1. Would you kindly state the longest site-free stretch of the chain, with sites defined as trypsin sites (Lys or Arg not before Pro) in a DSSP loop (not H, G, I, E, B) surrounded by at most 12 other Cβ atoms within 10 Å?
2. Quick one, can you get me the convex hull of the C-alpha atoms of the chain expressed as volume per residue in Å³?
3. Quick one: if the Förster radius is 25 Å, what FRET efficiency do Lys28 and Glu48 give, using the C-beta to C-beta distance and rounding to 0.05?
4. In nm, give the distance between the simple-model label positions of Asn6 and Ile135, each being 7 Å from the Cα along the Cα-to-Cβ direction.
5. Return the carbon/sulfur percentage of the accessible area of the stretch 83-184, one whole number, probe 1.4 Å, all protein chains in place.
6. Counting only other residues whose beta carbon sits under 13 Å from that of Lys45, what net charge do I get with K and R as +1, D and E as -1?
7. Report, in whole Å, the centroid distance computed from the Cα atoms of the stretch 108-145 and the stretch 5-74.
8. Given points 7 Å out from each Cα along the Cα-Cβ axis, report the Gln59 to Gln120 separation in nanometres with one decimal.
Amino acid sequence: MSRIGNMPITIPDKVQVDISKGNLVSVKGPKGELQKQIDAEMIIKMKENTINVERPTEQKRHKAMHGLSRSLLFNMVEGVSNGFKIQQEIIGVGYKVSSQGQRLELSLGFSHDIVFVLPQEVQVETETVKGKSPIIRLESPDKELLGLIASKIRALRKPEPYKGKGVKYSGEVIRRKAGKTAAV
C-alpha cells in the first residue's frame, strides 16, 4: 500500500490541469505553466477539483512509480499556485554576490569571479548587508529545476568543515571538525 500514492491532490481555484494521451500533464496557474510526462502505465483520474493516481498492478515497479507520479503531480500543482523558494548564504571573508537579471556574479575566493547564468523559469534576488553574510534567494514554480540550480550554485564552493566557509543553504547545519591543537 502506498500512503503517498493514494492521497488525492486538491486543485486550487486558479489552477487548470490538462491530461492528454500518454499521461502528458499540463498545469497552468498564476505563477506559471508546467508540463511533464508522467509514466504512461500509471492511471491518472480527474474528478471535479481532485486528481487521483492509481497503479495498474501490484508489481514492484508499479508500486515504486505510484508514489513518485503522485509527488510529481502535486509539486506541479503546488508550484504554479504558490511557487517554491530556496535561500542560500555565502560565508567567508571577501565572498560576495550580485545579480543583474538572470546573471548571478559570485566572488568566492578564486582568482576570477564566477558568472552563473540562470534559466528564465528561475528568479533570483541577492541581499548584501554590512556585517552579515550575503544571501541568495531563488524562486521558481518548478521544484526540480530550482533544486538543481541551487545545488549547482552550492557546488561552486561547498562549505568546508573547519571554518564553515562556502555556499550553504539557510538553516543547513555544517558538521565542524576540530583543527590542529597547539603542542604543549
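The values are calculated or read from the model by the stated rules, or taken from the named source; none is laboratory data. From a predicted model like this one, the values you see are computed outputs, not experimental measurements. Cβ coordinates were reconstructed from backbone atoms using ideal geometry, including for glycine residues, and neighbour counts include every protein chain displayed. Side chains included, ligands, DNA and RNA excluded: accessible areas come from the protein's heavy atoms. Shrake-Rupley method; radii C 1.70, N 1.55, O 1.52, S 1.80 Å.
1. Result for the longest clean stretch: 22-129.
2. Each residue corresponds to 177 Å³ of Cα convex hull volume.
3. Taking R0 as 25 Å, the efficiency between Lys28 and Glu48 is 0.90.
4. Calculated label separation equals 4.1 nm.
5. Carbon-and-sulfur percentage of accessible area, whole number: 52.
6. +1
7. Each part reduced to its Cα centre gives a spacing of 31 Å.
8. 3.9
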